[in-house]
Amino acid sequence: MHSVVSAVTDRIIARSQQTRATYLQALEEAKARGVHRSSLSCGNLAHGFAACSPAEKHSLQQFTKANIGIITSYNDMLSAHQPYADYPQLLKDACQEVGSVAQVAGGVPAMCDGVTQGQPGMELSLLSREVIAMATAVGLSHNMFDGALLLGICDKIVPGLLIGALSFGHLPTLFVPAGPMRSGVPNKEKARIRQLFAEGKVGRDALLDVESKSYHSAGTCTFYGTANSNQLMLEVMGLQLPGSSFVNPDDPLRMALNKAAARQVCRLSEMGTQYTPIGHIVSEKSIVNGIVALLATGGSTNLTMHMVAAARAAGIIINWDDFSELSDAVPLLARVYPNGQADINHFHAAGGMALLIRQLLDAGLLHADVKTVAGDGLELYTMEPKLIDGELTWVDGPTSSLDTDVIASVDKAFQSNGGLTLIKGNLGRAVIKVSAVAPEHRVVEAPAVVIDDQNQLEALFKAGELNRDCVVVVKGQGPKANGMPELHKLTPILGSLQDQGFKVALLTDGRMSGASGKVPAAIHLTPEALDGGMISKIQAGDLVRINANTGELSLLVNAEELAARECQLPTLRHYSFGMGRELFGALRSNLSSPETGARCTQAIDEKY
């Protein structure tokens, strides 16, 4: 093993010793109770299988066949989740083929950040993760199930499903992806038109045309944002079948993989031959594997929160220092938009997950000795699925890149360190995605332009007030303030300023997500403004230094003056009402800091 990976893993194991032991003890206690349907009264059980067929009722009465709970995030407004419409019946049929039963245990909400960008509804996005986790737990709480199949892909949905499933750590659990849409208009062209629109050089018709040709069919968006980062993370952590992440929804291989997932979770149940609960798969080593893969590919900054929260649900404590140290040791091996011009389909074609995992294993950057849904050992994930004479088969994956502009080798990496950097200083701690930022733009020292609403920037831009070097500071965007919305409306404006030759950067206690691009963005700043963070003392014209090379984040104002300044806290009333936001006030006020996962902490922390 690479010495840094080994050292960080050992530190996480030591830090988590007590909380992990408590979690595993709870898992073993749940497992010891045996087939859970057997504990139900006759009335309970009758309710649980009332709508089943006679054959299914007979199976469930005998307590000798597995019953698999399906948690689905289907809706047909999300392109990524629209394919899930037909999955439940397909999964039920596949379970029946191996003598088991499956039932839809529940549904969870699935919202699209792409639809809500810049809208009030975006302020529910991060909060929806907690709702999804709780809804997953409700679905599995009936004590009817011996395993679970989780249907989810995007943004907060996968982390929410994972957190909820880890509350049932004794159950074998398998994620079932639906795959990305096929490639449309290149991402570079889409970004170009967006920027021209921001500059007033093209109209809305041109903008809508290119957006529609980019997001054009069922499947995940093809850029490497949070949705595809989720899939990559799940596969490297061993929670999906090998090679299943990036097969298109309309590919016959996709359906074969779905059926295989259903059959496999039955094998993993206590009624099967390979009992492997999710609480054993999600371990300190698998968490480190997920972080390493994220860093090696320049994945979504959202995962710096979601992985922390998911790990904590399994009794494992990680922080941004772990990310930072691993990032220094992990080379960047992938260039997928926004940190390259390729999309996720190109990544898949160039060698995809099998090649990525093989290279990281060979370099000692991933732990091979882990449990997965496919069996023991991550080497299984250097295989890729094929349909040969109509039969699903796993064959050896590629040993070298088929396109070195998309996937590099470890000895010829795109850069020597990973795609994310921790930056810190008198302003606090933040993360910055550097994989898409050109080296000449990674250091910015400039006067602050201070706003507390992303919508304020457009007027300043149109008035020409931003035609200079500047650090745009957007405060009051943290989890407690307004649910930490993504701030993508800023991207075209800041990109235009950078292209004009100005040194520009973004600093915020909010999010930019997986689409963080060519403009340096110090995000997830903690403490947030509402908690009295230093960002609340920044005034227009103050010099701010963001240095992604050295990890420095500084407000260049003398300490005496800063001590004398009062915090300018955000006005929250306009964030509190409308579009359902008033329903989430109690949840929002209890969220922790981004570095601790932006979690509603009390219940989990009291237990573990």
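No lab work stands behind these numbers, since they all come straight from the coordinates. Please read all numbers here as calculations on a predicted model, not as lab measurements. Cβ coordinates were reconstructed from backbone atoms using ideal geometry, including for glycine residues, and neighbour counts include every protein chain displayed.
Key figures for this structure:
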read-out: Built amide H within the under 5 Å cut-off of ASP542, gap 5+; value: ALA448
read-out: Alpha-carbon centroids, the stretch 123-175 and the stretch 294-340: separation in whole Å; value: 21
read-out: Rounded to the nearest 20 debye, dipole of the stretch 214-296 from Cβ charges on Lys, Arg, Asp, Glu; value: 160
read-out: Peptide ranges 474-486, 250-262 listed from the most packed, as the mean C-beta count within 10 angstrom indicates; value: 474-486, 250-262
read-out: Mean Cα-pair separation over length for the stretch 420-570, i.e. relative contact order, pairs under 8 Å, 6 or more apart, %; value: 33
read-out: Centre separation in Å (Cα based) which lies between the stretch 194-218 and the stretch 358-421; value: 35
read-out: Between 0 and 90°, nearest 10: helix 284-297 axis offset from the chain longest Cα axis; value: 50
read-out: Only Lys, Arg (+1) and Asp, Glu (-1) charged, at Cβ; the stretch 45-150 dipole about Cα centre in debye; value: 280
read-out: Most to least packed among 489-497, 138-146 [average Cβ atoms within 10 Å]; value: 489-497, 138-146
read-out: Angle in degrees between helix 352-362 and the longest Cα principal axis of the chain, rounded to the nearest 10; value: 90
read-out: Amide H partners (placed H, <5 Å) of SER592, local residues excluded; value: ALA598, ARG599, CYS600, THR601
read-out: Options PHE175, SER244, ASN228, ranked by Cα towards positive dipole end of the chain, top entry (Cβ charges); value: PHE175
read-out: Shape box of the stretch 420-570 [Cα atoms, principal axes, largest first, Å]; value: 38, 33, 28
read-out: Neighbour-count ranking [beta-carbon atoms within 10 angstrom, fewest first] of THR226, THR382, THR393; value: THR393, THR382, THR226
read-out: The chain - percent relative contact order, Cα under 8 Å, separation 6 or more; value: 15
read-out: HN-Hα J in Hz across the stretch 88-101 - Karplus 6.51, -1.76, 1.60, θ = phi - 60°, x for Gly and Pro; value: x, 5, 4, 5, 4, 4, 5, 5, 5, 4, 10, x, 10, 10
read-out: Listed residue (PRO159, ASN143, PHE63) projecting farthest to the positive dipole end of the stretch 63-197, Cβ model; value: PRO159
read-out: Whole-Hz couplings from phi, Karplus 6.51/-1.76/1.60, listed for the stretch 233-241; x for Gly and Pro; value: 4, 4, 5, 5, 7, x, 9, 10, 5
read-out: Among TYR337, GLY517, THR372 - extreme Cα towards positive end, dipole of the chain, charges at beta-carbon; value: THR372
read-out: Amide H contacts under 5 Å for VAL104, placed H, 5+ residues apart; value: ILE70
read-out: Helix axis angle, 157-166 relative to the chain longest principal axis, alpha carbon, degrees; value: 50
read-out: Where N is the number of residues in the chain, Cα Rg divided by 2.2 N^0.38 Å; value: 0.95
read-out: Ranked packing of 53-59, 430-436, most packed first, by mean Cβ within 10 Å; value: 430-436, 53-59
read-out: Antiparallel DSSP beta bridges within the chain, as percent of all bridges there, nearest 5; value: 50
read-out: Residues TRP394, TRP320, sorted so that the one with the fewest Cβ neighbours within 10 Å comes first; value: TRP394, TRP320
read-out: The stretch 307-314 - phi-based ³J(HN,Hα) in whole Hz, Karplus 6.51/-1.76/1.60, Gly and Pro as x; value: 5, 4, 5, 5, 4, 5, 5, 9
